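Colleague: Just dropping this structure here.
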Amino acid sequence: MMAATEKLTRNQALVLGALSDAGSPMSAYDILDCLRGSGLRSPLQIYRALGPLTEQGLVHRLESLSAFVACAHPHDHGCGKPPGVVAFAICDNCGQVDEFSDEAVSGRLAAWAQDHRFRLAKTTVELRGTCANCLAA
């Protein structure tokens, strides 16, 4: 993952840094608010930075939250081969997001796609519920 981060533009590096430092998912407007002091003034600047970061697998979009998180694991993002499953467990109480992958789930979904002649471009699973810390509280 280091080689990819060496080729980032200034704005991409700022956005990735903001997401990496965040304790929770951020919307594009949250990122913009965080980076105004660094000279970013437009939502378009944020979205232009997020596009390549997402394509490289350095950032993930959480569809159910319309928010972004920095990639937590250096797993395969499907470059040059069928994409693996990226999964997120999202706590509805505290907002904590845990990223994980599961080979069994990935295999089952890939087998279904093959059986149905469906070409996978991206597979993201979002689990919503309550994390262990919130359950214990």
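The values are calculated or read from the model by the stated rules, or taken from the named source; none is laboratory data. From a predicted model like this one, the values you see are computed outputs, not experimental measurements. Here Cβ is always computed from backbone atoms with ideal geometry, including for glycine, and neighbour counts include all displayed protein chains. Calculation scope for accessible area: heavy atoms of the full protein, side chains included, ligands and nucleic acids excluded. Shrake-Rupley method; radii C 1.70, N 1.55, O 1.52, S 1.80 Å.
Colleague: I need a count of the residues in region 38-62 that are of a type outside the set (Lys, Arg) and over 25 Å from Gln96 (Cα atoms).
Modeller: Residues flagged as of a type outside the set (Lys, Arg) and over 25 Å from Gln96 (Cα atoms) within region 38-62 amount to 6.
Colleague: Go over the candidates Phe88, Phe68, Phe100 one by one and state the one that is under 16 Å from Ala18 (Cβ atoms) and in contact with a His (Cβ under 9 Å, 6 or more places away or on another chain).
Modeller: Selected residue: Phe68, the only one of Phe88, Phe68, Phe100 that is under 16 Å from Ala18 (Cβ atoms) and in contact with a His (Cβ under 9 Å, 6 or more places away or on another chain).
Colleague: Just name the residue that is farthest from Glu126 (Cα to Cα) out of those in region 23-63 that are assigned to a loop (DSSP other than H, G, I, E, B) and open to solvent by less than 70 Å² (accessible area, probe 1.4 Å).
Modeller: Going through the qualifying residues, I end up with Gly39.
Colleague: Mind listing just one residue for me: the one in region 6-22 that is in contact (Cβ under 8 Å) with a residue 40 or more places away in the chain and open to solvent by 50 Å² or more (accessible area, probe 1.4 Å) and, of those, farthest from the chain's Cα centre (by Cα)?
Modeller: In this case the residue turns out to be Thr9.
Colleague: Follow-up. Within 18 Å of the chain's Cα centre (by Cα) and open to solvent by 60 Å² or more (accessible area, probe 1.4 Å), is that true of Asp115?
Modeller: Answer is no for this residue.
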